[in-house]
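Peer 1: Below is the structure I would like to discuss, written out as structure tokens.
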Amino acid sequence: MIERAPVATGVPRHVAIIMDGNRRWARTHGYPALEGHRRGMEALERTIDAAQRTGITMLTVYAFSEENWSREGGEVFGLFGLAESFARDKAASLAARGVRVRMIGRRDRLPRGVVEAFRALEDRTVSCTAMTLTIAVDYGARTELRDACRALARDVADGRLAPDQIDEDAIAGKLWTAGMPDPDLVVRTGGELRLSNFLLYQCAYAELWSTLEPWPEFDAATLDRAVDAYATRERRFGR
Ligand code: FPP
């Protein structure tokens, strides 16, 4: 059992964001869905800056879920185009600001250009220590847990692990987020109140905060409101 001392609230160390409402924003303003995602990308860039200024050291964002494959092909590949441009065009400025970038999720179904661009970005920023930005692409928490179970089962079958040695740390160590601290705060935009298969294991004790604002409108002021709300919470981790 991992010991979790009640921590002083204040600025959360790790913030996870469910960036929702891009298409609704686009519809409201008479734009195609992809323009909503393009503005969403700008909001992400603003948020990385704002998070760094606030003292948040880990930011994890949900960019593409497994369920998003069911969207119209043009929207899906438009999104991947935005992701690839982000990885190529922002590499220098992210590295200069000390932002380490990691991608989590399945890579085997993504266009090769996206995988290569993110691998290059991960390599370029591997020694950055000011902040870690984790981008979840083709991510689903149940698939992540399924794969972790399979990896543990293989370790048991091969005699590297006894069944009784499977504890919280052993499971966490097989997740895509291995080595990262759990999120302290989950922010969701667009007004919905659910986790939508995002970091289900890691968010067991996370504080939740939601805003009606769609993701393309998210800015430093919204992040401040989320952090202020977090600072008023008393975290007891079930005690
Ligand atoms: C949810 O809004 C948002 C997405 C499915 C995509 C989020 C992606 C970005 C912000 C840009 C991509 C960023 C990177 C780095 C890969 P929605 O489309 O579900 O909106 P709706 O709820 O209004 O339908």
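The values are calculated or read from the model by the stated rules, or taken from the named source; none is laboratory data. None of these values were measured; they are calculated from a predicted model. Virtual Cβ from ideal backbone geometry, glycine too; neighbours counted across all protein chains shown.
Peer 1: Do the conditions hold for ARG100, that is, is it surrounded by fewer than 20 Cβ atoms within 10 Å (Cβ to Cβ) and either in contact with a helix residue (DSSP H, G or I) (Cβ under 7 Å, 6 or more places away or on another chain) or under 23 Å from ALA220 (Cβ atoms) (or both)?
Peer 2: So ARG100 fails the test.
Peer 1: If we scan the stretch 10-33, do we find a residue that is modelled with pLDDT under 95, more than 8 Å from the ligand (Cβ to nearest atom) and in a loop (DSSP other than H, G, I, E, B)?
Peer 2: Yes: the stretch 10-33 contains one or more residues that are modelled with pLDDT under 95, more than 8 Å from the ligand (Cβ to nearest atom) and in a loop (DSSP other than H, G, I, E, B).
Peer 1: Now, a different point. Any residue that is closer than 20 Å to THR177 by Cα and either surrounded by 15 or more Cβ atoms within 10 Å (Cβ to Cβ) or of a type outside the set (Asp, Glu) (or both) - is there at least one of those in the stretch 19-40?
Peer 2: The answer is yes, given that some residue of the stretch 19-40 is closer than 20 Å to THR177 by Cα and either surrounded by 15 or more Cβ atoms within 10 Å (Cβ to Cβ) or of a type outside the set (Asp, Glu) (or both).
Peer 1: Mind listing whichever residues of the stretch 47-71 are within 20 Å of ASP228 (Cα to Cα) and within 11 Å of the ligand (Cβ to nearest atom)?
Peer 2: THR47, ILE48, VAL61
Peer 1: Same structure, new question: Which of the residues spanning the stretch 219-239 are within 15 Å of ALA50 (Cβ to Cβ), among the acidic types (Asp, Glu) and away from the ligand (no atom under 15 Å from the Cβ)?
Peer 2: Listed by number, the residues that qualify are ASP224, ASP228.
Peer 1: Only residues that are over 12 Å from the mean Cα position of the chain (by Cα) and either part of a loop (DSSP other than H, G, I, E, B) or away from the ligand (no atom under 16 Å from the Cβ) (or both): list them for the stretch 201-218, please.
Peer 2: TYR201, ALA204, TYR205, ALA206, GLU207, LEU208, TRP209, THR211, LEU212, GLU213, PRO214, PHE218
Peer 1: Starting from residues that are more than 21 Å from GLU35 (Cα to Cα) and either part of a helix (DSSP H, G or I) or aliphatic (A, V, I, L, M) (or both), keep the ones in the stretch 72-97 and report whichever is farthest from the ligand (Cβ to nearest atom).
Peer 2: This residue is ALA96.
Peer 1: Also: So, VAL186, is that one touching a Cys at 6+ places or on another chain (Cβ under 8 Å) and either at pLDDT 95 or above or at positive phi (or both) or not? Before the answer, list the steps.
Peer 2: On the way: touching a Cys at 6+ places or on another chain (Cβ under 8 Å): yes; either at pLDDT 95 or above or at positive phi (or both): yes.
Judged against the criteria, VAL186 is a match.
Peer 1: Looking at the stretch 176-235 only, could you name the residues that are surrounded by fewer than 17 Cβ atoms within 10 Å (Cβ to Cβ), aromatic (Phe, Trp, Tyr) and under 19 Å from THR57 (Cα atoms)?
Peer 2: TYR205
Peer 1: OK, next. Give the stretch 103-117 a look and list any residue that's more than 9 Å from the ligand (Cβ to nearest atom) and in a helix (DSSP H, G or I), or say none.
Peer 2: ARG112, GLY113, VAL115, GLU116, ALA117
Peer 1: Here are the criteria: (1) within 18 Å of the chain's Cα centre (by Cα); (2) of a type in the set (Lys, Arg); (3) assigned to a loop (DSSP other than H, G, I, E, B). Tell me which single one ARG100 does not satisfy.
Peer 2: (3)
Peer 1: Take the stretch 118-149 and flag every residue that is over 21 Å from ARG46 (Cβ atoms), among the aliphatic types (A, V, I, L, M) and either in a helix (DSSP H, G or I) or under 14 Å from the mean Cα position of the chain (by Cα) (or both).
Peer 2: Correct list: ALA120, ALA141, LEU145, ALA148.
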